[in-house]
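Inspection log for the structure reproduced underneath, given as structure tokens.
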Amino acid sequence: MPLETIAGAVGTPVYVYSTATLSRHHGLLREALDARRAALGEALIAFAVKANSNLSVLATLAGLGCGADTVSEGEIRRALAAGIPADRIIFSGVGKTDAELAFAITTGVRQINVESGAELDRLIAVAASNGAAPEIAIRVNPKVGAGGHARITTGGATDKFGVPIEEALDLYARAAASPHVTPVGLACHIGSQVLDLAPMEAAFRTLRETTLELRRRGFEVSRLDLGGGLGVPYHGQAETPSIEAYIDMCARVLDGLGVEAAFEPGRLLAANAGVLVSRVIHVNQRADGRRFLVLDAGMNDLMRPALYDAFHDLVPVQERPGEPVACDPVGPICESTDVFARDRLLPPLQAGDLVAFMSAGAYGAVLSSEYNSRPLVPEVLVNGRAWAIVRNRPTYEEMWAREPVAEWLQGGQGGRVTA
């Protein structure tokens, strides 16, 4: 399906996702897990909804048998709306409210990952008031941080996620003593865009040792949630571990434990299944030689470069002959951070040319905003020769309609009054 066709019909900027790539990536992971079933059990693939929460993307994965890793009531509701069964939904996150915990309990999610003693106390109280005993896992902080940037490291000693080993042992015992929760296992997640398997293996060995210690103390541990975080190639120079090598390592570490593993890939399934298509507004060639390629996509549409100094390959949609020239691809936002790259060698693009930000299917549209009163980017899903708009670009009137004007600004005297 030519991107020019979609851009011509929908306009730019626009996110475009590939059903074929989503299916292929899920299939590769499922095949690797099934081949190591003896060590990993009936392993659950729970897609990290935060990576791409579009309902059609989730429904595509649901049709492949995928579960969901969620971090809010909204994400649980999205997963359910997309057809993912509650018993394949994991509820994670450090700041679950009582209302969200109650919703997860009454919905019957597979498990709730507990990240602190305070959360365990609140969960027990909420479960008691609902006459329930939900299955839980204690999220361990193994003091092993990893990831493609300091801001996406989640397993270090100073990170807010999970609890230290010694505290995890005590929490598990407290949970086991309560009739209102049912501890079934441990969880961990050390970071995102991890390109070295060694930190992951160290973290998983910590989970193994903790499992054995809990069993020595008489507790049952039947599940290990290994999180996600395996990196993907954002450009040709990146060395990324294969899915087979990753799953081989997991199977080696868990071999003989007799547990059921869960995996929470997000970027791994979705990143290279999506692109962001943008159009060149104009080229600003300064007298000092600096060349700005001004695009109609901004940091509000693709936040990762501004937020994480992330690299996205930028490819002309149609071939533009000529020697590559160094330029700074930038957006229209009134911020100095609205820069996608510096001195990137690109063909001599001109106004009106289309470009595609590659590997934009994860943490792209989900992080977008209406900053500078720019409408949210539409999303398109391609399936073979068919394509569909799966999130519309809102009109300005639809944007304003979400903001009712205070009555006194409309000439009335109404409004809420507080003592």
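Determine the dipole magnitude for region 265-398: charges of +1 sit on the beta-carbon of Lys and Arg, -1 on that of Asp and Glu, nothing else is charged, the reference point is the Cα centre, and the result goes in debye to the nearest 20. Mind dumping the intermediate values first?
Values: 13 positive and 16 negative charges, 47 e Å.
Around 220 debye, computed over region 265-398.
Express the relative contact order of region 266-400 as a whole percentage, based on alpha carbon pairs under 8 Å and six or more residues apart in sequence. Numbers along the way, then the final one.
Values: 275 pairs, mean separation 40.0, N = 135.
The normalised contact order for region 266-400 reaches 30 percent.
Assign unit charges at the C-beta atoms only (+1 for Lys and Arg, -1 for Asp and Glu), then state the dipole size of the chain relative to its Cα centre in Debye, rounded to the nearest 20. Could you put the intermediate results ahead of the total?
Values: 38 positive and 48 negative charges, 47 e Å.
It works out to roughly 220 debye.
What shape does region 261-350 take by its C-alpha gyration tensor, where a ≥ b ≥ c are the square roots of the eigenvalues and a/c under 1.5 counts as rounded, a/b above b/c as prolate, and the rest as oblate?
Working: a/c = 2.43, a/b = 1.72, b/c = 1.42.
In terms of gyration-tensor shape, prolate.
Using only alpha carbons, build the gyration tensor for region 305-365 and give me the equivalent ellipsoid semi-axes, biggest first, whole Å.
Semi-axes (√(5λ), whole Å): 20, 14, 11.
Relative contact order of region 1-104: what whole-number percent is it, with Cα pairs under 8 angstrom and at least 6 residues apart?
Dividing the mean separation by the residue count of region 1-104 yields 21 percent.
Can you give me the distance in nm between label points at Phe219 and Ala133, each placed 7 Å from the Cα along the Cα-to-Cβ direction?
Here the answer is 1.6 nm between the modelled labels.
Can you work out the FRET efficiency for the pair Ala173 and Leu367, with r the C-beta to C-beta distance and R0 = 51 Å, to the nearest 0.05?
0.85
Which residues does a label at Glu398 reach in region 339-380, if reach means a backbone N under 19 Å from a point 7 Å past the Cα toward the Cβ?
Those under the cut-off are 365-380.
Just check region 247-287 against the gyration tensor rule for me: Cα atoms, a ≥ b ≥ c as the square roots of the eigenvalues, rounded for a/c under 1.5, and otherwise prolate or oblate depending on whether a/b exceeds b/c. Display every interim value, and only then the final one.
Values: a/c = 7.50, a/b = 3.89, b/c = 1.92.
Note, shape of region 247-287 comes out prolate.
Rounded, prolate or oblate: pick one for region 34-98, where a ≥ b ≥ c are the square roots of the eigenvalues of its C-alpha gyration tensor, a/c under 1.5 means rounded, and failing that, prolate if a/b is larger than b/c, else oblate.
Oblate is the answer for region 34-98, as a/c is 1.5 or above yet b/c matches or exceeds a/b.
Note down the nm distance, to one decimal, between modelled labels 7 Å out along Cα→Cβ at Ile281 and at Ala386.
With each label placed 7 Å out from Cα toward Cβ, I get 3.7 nm.
Please report the equivalent ellipsoid semi-axes of region 289-419, computed as sqrt(5 x eigenvalue) of the Cα gyration tensor, largest first, in whole Å. Spell out each step's value before the answer.
On the way: eigenvalues 272, 75, 37 Å².
Output for region 289-419: semi-axes of 37, 19, 14 Å.
On a 0 to 90 degree scale, rounded to 10, what angle separates helix 197-216 from the longest Cα axis of the chain?
Tilt relative to the chain: about 20 degrees.
Taking the Cα centre as origin and putting +1 on Lys and Arg beta-carbons and -1 on Asp and Glu beta-carbons, what dipole magnitude results for region 239-344, to the nearest 20 debye?
Values: 10 positive and 17 negative charges, 96 e Å.
Once rounded to the nearest 20, the dipole reads 460 debye.
Excluding Pro233 itself, calculate the net charge of residues whose Cβ lies under 10 Å from the Cβ of Pro233, where each Lys or Arg counts +1 and each Asp or Glu counts -1. If you can, show how the numbers build up before the last one.
Working: positive: none; negative: Glu239, Asp313.
Local net charge: -2.
Summarise the accessible area of the chain (1.4 Å probe, protein heavy atoms) by the percent that is carbon and sulfur.
On the way: 9420 of 18190 Å².
Roughly 52 percent of what the probe reaches on the chain is carbon or sulfur.
State the Cα centre-to-centre distance between region 15-88 and region 185-255 in whole Å.
Taking the Cα centre of each part, region 15-88 and region 185-255 sit 18 Å apart.
Only bridges whose two residues both fall in the chain count here: according to DSSP, what percent of them are antiparallel, nearest 5?
Details: 26 of 59 bridges.
The antiparallel fraction comes to roughly 45 percent.
Can you find, among Gln318, Gly228, Pro347, the residue sitting farthest towards the positive end of the charge dipole of region 210-359, where Lys and Arg contribute +1 and Asp and Glu -1 at Cβ?
Working it through, the farthest residue towards the positive pole turns out to be Gly228.
Compute the relative contact order of the chain as a whole-number percentage, counting only Cα pairs closer than 8 Å that sit 6 or more residues apart in sequence. Each step should come with its number before you reach the end.
Values: 919 pairs, mean separation 78.4, N = 419.
Relative contact order, the chain: 19 percent.
With a 1.4 Å probe and all protein chains left in place, how much accessible area per residue does region 232-341 have, in Å²? All intermediate terms of the calculation are to be shown ahead of the outcome.
Details: 4610 Å² over 110 residues.
Computed with neighbouring chains in place, this is 42 Å² per residue.
The values are calculated or read from the model by the stated rules, or taken from the named source; none is laboratory data. Remember, it's a predicted structure, so these values are computed and weren't measured experimentally. We place every Cβ from the backbone using ideal geometry, glycine too, and count neighbours over all the protein chains shown. SASA here: full protein model, heavy atoms, side chains in, ligands and nucleic acids out. Shrake-Rupley method; radii C 1.70, N 1.55, O 1.52, S 1.80 Å.
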